[in-house]
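For reference, the structure is listed below as structure tokens.
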Amino acid sequence: MFYDINKNELVSLGIYYKDVEFSDENGEKHQGVDTYFLDNCDDEMLRSLGFARVVEQEAPANGDIYKEPSILKSYDEAKNIYNISYEIRDVSLDKAKEIKLKELSSIKATKLLTLNYQGNEYQIDSDSKINISGKVSQILLAVSSGEDTGAINWITKDNKVVSFSKEEFMAFGVAVATHTEMMLFKHDQLRTAVNNATSIDEIKAIEWVD
């Protein structure tokens, strides 16, 4: 990789062909080409050809999702070297908000998948909620018809069967609905706080705390 001084751009060249004019023994002029292997040229030779050697530093390690490497480029005319270095800088405020909102959305999605109720973990994803709602409707219909629903068996996340009375299952259904509402409300509050934040430190401080 070399820097084309005249075009102000990086180029991938190994061999450079320079058009030249020369005279033969009779004084007649001819057009020809000189071949240069750029890797073998010193810095002054490269300068005369209109190129500079590129020196690139290794990008620094970065473990902070709110920071990113910024590329710094400069041409050192005195040394005829094109320097590429990196500096770790804060991401933009909009990018920081995007990162935090994605994090909060992932937490919300996870918390809407399960519910710990009376010591047991239950699946409450969308399909499970439909099944729970359907069972609640069935209980209400049976009660209004004076029918005895008997015990209601429900399977926990780890495939254990738990037996509910109709009153207990209704309370379970309410707990699922309440949990869902709380998670959605909490996510909305935090999302609003992120969107209203005016600094990256303020965004970082926004955390989902149960």
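For S105, the requirement of being open to solvent by 30 Å² or more (accessible area, probe 1.4 Å) and within 25 Å of the chain's Cα centre (by Cα) is met. (1) in contact with an Asp or Glu (Cβ under 8 Å, 6 or more places away or on another chain); (2) of a type in the set (S, T, Y); (3) open to solvent by 70 Å² or more (accessible area, probe 1.4 Å): which one isn't true of S144, the others all being true? The number of the failed condition is (1).
Of the residues making up the stretch 156-210, those that are small (G, A, S), in contact with a helix residue (DSSP H, G or I) (Cβ under 6 Å, 6 or more places away or on another chain) and under 28 Å from V91 (Cβ atoms) number 1. Whenever a residue of the stretch 97-112 is under 16 Å from V209 (Cβ atoms), its partners that are small (G, A, S), lying with C-beta atoms within less than 9 angstrom and at least six residues away or across chains, give the pairs K100/A197. Just one of (1) surrounded by 14 or more Cβ atoms within 10 Å (Cβ to Cβ); (2) touching a residue at least 24 places away in the same chain (Cβ under 8 Å) fails for K160. It is (1).
Of all residues in the stretch 1-21, those that are closer than 14 Å to E77 by Cα and modelled with pLDDT of 95 or more have Cβ atoms under 7 Å from Cβ atoms of residues that are part of a strand (DSSP E or B) and of a type in the set (S, T, Y), 6 or more apart or on another chain, in Y3/Y75; Y3/Y82.
Look at (1) in contact with a Phe, Trp or Tyr (Cβ under 9 Å, 6 or more places away or on another chain); (2) at positive phi and you find that V136 fails only one, number (2). Number of residues in the stretch 164-210 that are open to solvent by 30 Å² or more (accessible area, probe 1.4 Å), hydroxyl-bearing (S, T, Y) and within 25 Å of S126 (Cβ to Cβ) equals 2. Scanning the stretch 17-33 for residues that are open to solvent by 60 Å² or more (accessible area, probe 1.4 Å) and closer than 23 Å to F51 by Cβ turns up Y17, K18, D19, E21, F22, Q31, V33.
If you take the residues in the stretch 55-92 that are among the aromatic types (F, W, Y) and outside any loop (DSSP other than H, G, I, E, B), which one is surrounded by the most Cβ atoms within 10 Å (Cβ to Cβ)?
In the first step, residues of the stretch 55-92 are kept if they are among the aromatic types (F, W, Y); the result is 66, 75, 82, 86.
Still in the list and also outside any loop (DSSP other than H, G, I, E, B): 75, 82, 86.
Numbers: Y75: 14, Y82: 22, Y86: 16.
This residue is Y82.
Looking at I124, I139, just one residue is more than 28 Å from A109 (Cβ to Cβ), surrounded by 13 or more Cβ atoms within 10 Å (Cβ to Cβ) and touching a strand residue (DSSP E or B) at 6+ places or on another chain (Cβ under 8 Å), and that residue is I139.
The values are calculated or read from the model by the stated rules, or taken from the named source; none is laboratory data. The structure displayed is predicted, hence computed values, not measured ones. Neighbour counts run over all protein chains shown; Cβ positions are idealised from the backbone, glycine included. In case anyone asks, the SASA skips ligands and DNA or RNA and just uses the protein heavy atoms, side chains included. Shrake-Rupley method; radii C 1.70, N 1.55, O 1.52, S 1.80 Å.
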